[in-house]
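Reviewing the structure listed below.
Laboratory data are not the source of any read-out in this text; all were calculated from the coordinates shown. Since this is a predicted model, take the numbers as computed values, not measurements. Here the Cβ positions follow ideal geometry from the backbone for every residue, glycine too, while neighbour counts run over all protein chains shown.
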């Protein structure tokens, strides 16, 4: 999950993958989206509908996470039990985000790991416990008329603790 994506590097994805195919063009958010390197989740299209009065909400995946998601989906399709479990809880987590973008716990600004600030240029970070072992991190960006929840990564408990500096 640490491998940086090359500029313009878009993997070929099957149309039925349930994973985004292209970066949405939105001039108000494009600069921010370029630093996040996000991709549309086709299942999240219009997801969440309108939360705040008149504000549209979508769930998107970072390019890095969409690649990881495809790998997990492939392994699950091959019968890997751990991958099946992970796929199930990731899909439940995304479904929760579609219903309520603030379902996770907000990480206080001073506690946002430098990794997220430098890699994704985030100004807010949220974490969602998928189960007792797996965590999902995401950020929320947008304008007065459109909000986007962007799933950045899913980490096991040990990697999450290291990322957030809880254990050396």
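Brief remarks follow.
- The residue that is farthest from the chain's Cα centre (by Cα), counting only those in the stretch 119-139 that are assigned to a strand (DSSP E or B) and surrounded by fewer than 19 Cβ atoms within 10 Å (Cβ to Cβ), is 129.
- Each residue in the stretch 123-133 was checked for being touching a strand residue (DSSP E or B) at 6+ places or on another chain (Cβ under 6 Å) and touching a residue at least 40 places away in the same chain (Cβ under 8 Å), and 1 pass.
- Residue satisfying all of: in the stretch 140-168; in a loop (DSSP other than H, G, I, E, B) and without any contact (Cβ under 8 Å) to a residue 40 or more places away in the chain; surrounded by the fewest Cβ atoms within 10 Å (Cβ to Cβ) among these: 168
- Enumeration of residues in the stretch 90-114 that are crowded, with 18+ Cβ neighbours inside 10 Å and either farther than 16 Å from residue 152 by Cβ or out of contact with any strand residue (DSSP E or B) (no Cβ under 8 Å at 6 or more places or on another chain) (or both): 98
- Taking residues in the stretch 62-77 that are free of Cβ contacts under 8 Å to residues at least 24 places away in the same chain and on the phi < 0 side of the Ramachandran plot, and partners anywhere that are surrounded by 19 or more Cβ atoms within 10 Å (Cβ to Cβ) and part of a helix (DSSP H, G or I), the pairs with Cβ atoms closer than 8 Å and at least 6 places apart or on different chains are 72/86; 72/90; 76/86.
- Residue in the stretch 102-110 that is at negative phi, over 16 Å from the mean Cα position of the chain (by Cα) and part of a helix (DSSP H, G or I) present: yes
- Residue 90 meets the conditions (1) under 23 Å from residue 56 (Cα atoms); (2) part of a loop (DSSP other than H, G, I, E, B) in every case but one. The failed one is (2).
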